[in-house]
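Below is one structure, written out as structure tokens, with a few remarks after it.
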Amino acid sequence: MTTPCVKVIYLVGVKKMTDCQGDGEGTNSPMEVYEKLTAQGEEVRALKTAKAEKAEIDAAVQLLLKLKVDYKQLTGQDYKAGCPPSETCVAPDNRPSADGANDEDTVDPWNVSTSNAKGVDYDKLIVRFGSSKIDQELVDRIEKVSGQKPHHFLRRGIFFSHRDMHQVLDAYEKHKSFYLYTGRGPSSDSMHVGHLIPFIFTKWLQDVFDIPLVIQLTDDEKYLWKDLTLEECHRYAVENAKDIIACGFDVNKTFIFSDLEYMGASPEFYRNVVKIQKHVTFNQVKGIFGFTDSDCIGKISFPAIQAAPSFSNSFPQIFKGRKDIQCLIPCAIDQDPYFRMTRDVAPRIGHPKPALLHSTFFPALQGAQTKMSASDANSSIFLTDTPKQIKNKVNKHAFSGGKDTVEEHRKYGGNPDVDVAFMYLTFFLEDDEQLEKIRQDYISGALLTGELKKLLIETLQPIISQHREQRKKVTDERVKHFMTPRPLNFNF
């Protein structure tokens with residue numbers, strides 16, 4: 001799940017059609033333009049039926065034509081009465097950015113890159129994807145409904161965007177539960193610290209809301225995209241499951257599954273895959289995921305497999321065949337196109353739309369211009385790294401926001417917004433007051449770059465060492481238990 005086939009470049013605007021916000025003042029969403037078009041068409045018909053003045057009819061027709069042009073520019077589709085825009089429409093967006101420069105951020109499963117040392121502009125990404133920002137009101141509401149202090153990932157904007165989280169909370173307050181779904185694309189036998197982010201947060205959600213969780217290991221996807229054998233992909237899935245289990249998930253509330261195993265063992269899961277496939281055209285998946293004529297047909301059909309866990313009756317052993325239980329998906333923002341497609345299909349096949357919580361990317365050691373990647377050992381801190389390796393990697397490779405000399409740094413201070421050591425502390429240092437003091441000391445020059453890196457090393461070493469110890473306790477039998485289809489300890 002960490003490496004879906006979807007390419008989104010900021011020169012292409014991907015819009016959610018039913019509830020997206022405009023890119024600027026006075027900009028309407030596709031659905032708003034569609035509704036205006038429908039109303040204007042009715043107005044033209046009414047004027048003609050009433051035999052109104054020609055000038056009045058002509059003016060109404062001109063407005064109708066203008067709205068049709070606006071609609072096509074916004075959605076890339078011709079207006080058709082009775083056919084509202086779907087969430088998966090993709091339209092070109094060649095407008096200049098607010099500062100007159102071209103947007104240079106690239107967000108896709110293989111590359112996350114930007115020219116900005118602070119990293120990807122997530123506010124722009126929210127606009128492009130048509131999601132909603134997680135504001136303080138929502139954070140406060142999660143605290144009220146859960147009865148727990150919000151996780152620091154929420155408090156600090158690491159999980160920054162959502163779809164329909166208010167709807168999930170509305171239902172939960174009415175004693176209607178939900179379930180969690182997240183996943184991992186197993187491309188190597190070792191995960192890095194960035195891979196932990198969605199699992200740390202998902203465990204917190206599971207604990208505070210007391211709900212079941214399904215975790216998809218997309219070993220089939222890795223076979224389709226990588227130069228790996230089926231046996232290697234499945235072995236990586238099992239090894240990654242050990243890292244995931246080491247995060248502390250409750251075996252009585254968690255089902256981990258490999259696509260290569262579960263697809264053949266669950267007719268209900270496969271039926272949902274086929275239903276999704278029938279309702280998404282080849283043109284749609286090309287537009288959403290950037291497929292070309294040279295891509296194998298397995299890639300083209302894969303998005304339906306990642307979508308299927310969003311529907312509760314894909315797991316009859318857990319939900320007893322019910323299809324009305326809503327799913328909440330914590331994931332990185334680059335996964336969203338999969339689930340825009342899913343949300344578009346869901347009501348057409350009788351399921352609730354999944355809700356989502358989106359996280360930011362975990363930056364590479366060399367800087368936030370790209371994300372941490374398991375394919376580059378020098379850009380990553382792996383969960384198998386020793387304390388010495390962690391120290392060496394941070395000291396040697398972590399990009400600094402400090403000045404060139406101690407004298408300059410003491411005088412002018414450092415920039416925590418581009419400093420990788422500080423960025424990593426925002427993920428892993430839980431104490432808000434301590435983090436803010438570190439920030440202020442770095443800005444003032446009281447804290448040097450070497451001292452900041454030392455603080456990060458001292459924070460990361462025990463976290464990764466503890467994880468390694470927990471992983472050693474995960475036996476093959478325990479993995480088998482987590483990955484066996486079975487009822488979970490929860491009654492709906």
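The values are calculated or read from the model by the stated rules, or taken from the named source; none is laboratory data. As the structure is a prediction and not an experimental result, all values here were calculated from the model. Ideal geometry is used to build each Cβ from the backbone, glycine not excepted, and the neighbour counts take in all protein chains shown. These accessible areas exclude ligands, DNA and RNA; they are computed on the full protein's heavy atoms, side chains included. Shrake-Rupley method; radii C 1.70, N 1.55, O 1.52, S 1.80 Å.
General remarks:
- Test: residue in the stretch 377-392 that is at pLDDT 95 or above and among the small types (Gly, Ala, Ser): no
- Test: residue 208 is in a helix (DSSP H, G or I), open to solvent by 10 Å² or more (accessible area, probe 1.4 Å) and touching an Asp or Glu at 6+ places or on another chain (Cβ under 8 Å): no
- Whenever a residue of the stretch 193-214 is small (Gly, Ala, Ser), its partners that are part of a strand (DSSP E or B) and open to solvent by 30 Å² or more (accessible area, probe 1.4 Å), lying with C-beta atoms within less than 9 angstrom and at least six residues away or across chains, give the pairs 194/371.
- The condition (being among the aliphatic types (A, V, I, L, M), at pLDDT 95 or above and under 25 Å from residue 335 (Cβ atoms)) is satisfied by just one residue among 372, 423: 423.
- Some residue of the stretch 161-171 being modelled with pLDDT under 95, over 26 Å from residue 470 (Cα atoms) and of a type outside the set (A, V, I, L, M, F, W, C): no
- Residue that is nearest to residue 159 (Cα to Cα) [pool: residues in the stretch 419-447 that are open to solvent by 20 Å² or more (accessible area, probe 1.4 Å) and touching a Gly at 6+ places or on another chain (Cβ under 7 Å)]: 443
- Residue 371 vs. criteria in contact with a Phe, Trp or Tyr (Cβ under 8 Å, 6 or more places away or on another chain) and open to solvent by 10 Å² or more (accessible area, probe 1.4 Å): yes
- Unique residue being of a type outside the set (A, V, I, L, M, F, W, C), out of contact with any Asp or Glu (no Cβ under 8 Å at 6 or more places or on another chain), surrounded by fewer than 19 Cβ atoms within 10 Å (Cβ to Cβ) and not in a helix (DSSP H, G or I) when the list is 166, 162, 175: 175
- Residue check for residue 365: open to solvent by less than 10 Å² (accessible area, probe 1.4 Å), under 26 Å from residue 208 (Cα atoms) and out of contact with any Asp or Glu (no Cβ under 6 Å at 6 or more places or on another chain): no
- Scanning the stretch 244-280 for residues that are of a type in the set (Ser, Thr, Tyr) and either surrounded by fewer than 16 Cβ atoms within 10 Å (Cβ to Cβ) or touching a residue at least 40 places away in the same chain (Cβ under 8 Å) (or both) returns 254, 258, 262, 266.
- Condition check for residue 487: out of contact with any Ser or Thr (no Cβ under 9 Å at 6 or more places or on another chain), in contact (Cβ under 8 Å) with a residue 24 or more places away in the chain and open to solvent by 60 Å² or more (accessible area, probe 1.4 Å): yes
- Single match in 218, 202 (criterion: under 21 Å from residue 341 (Cα atoms), crowded, with 17+ Cβ neighbours inside 10 Å and polar (S, T, N, Q)): 218
- Screening 363, 347, 354, 337 for residues that are closer than 30 Å to residue 310 by Cα, at pLDDT 95 or above and touching a strand residue (DSSP E or B) at 6+ places or on another chain (Cβ under 8 Å) leaves exactly one candidate, 354.
- Which numbered condition residue 187 fails, given (1) farther than 13 Å from residue 328 by Cα; (2) part of a helix (DSSP H, G or I): (2)
- In the condition set (1) free of Cβ contacts under 8 Å to residues at least 24 places away in the same chain; (2) of a type in the set (Gly, Ala, Ser); (3) in contact with a strand residue (DSSP E or B) (Cβ under 6 Å, 6 or more places away or on another chain), residue 241 is compliant with all but (1).
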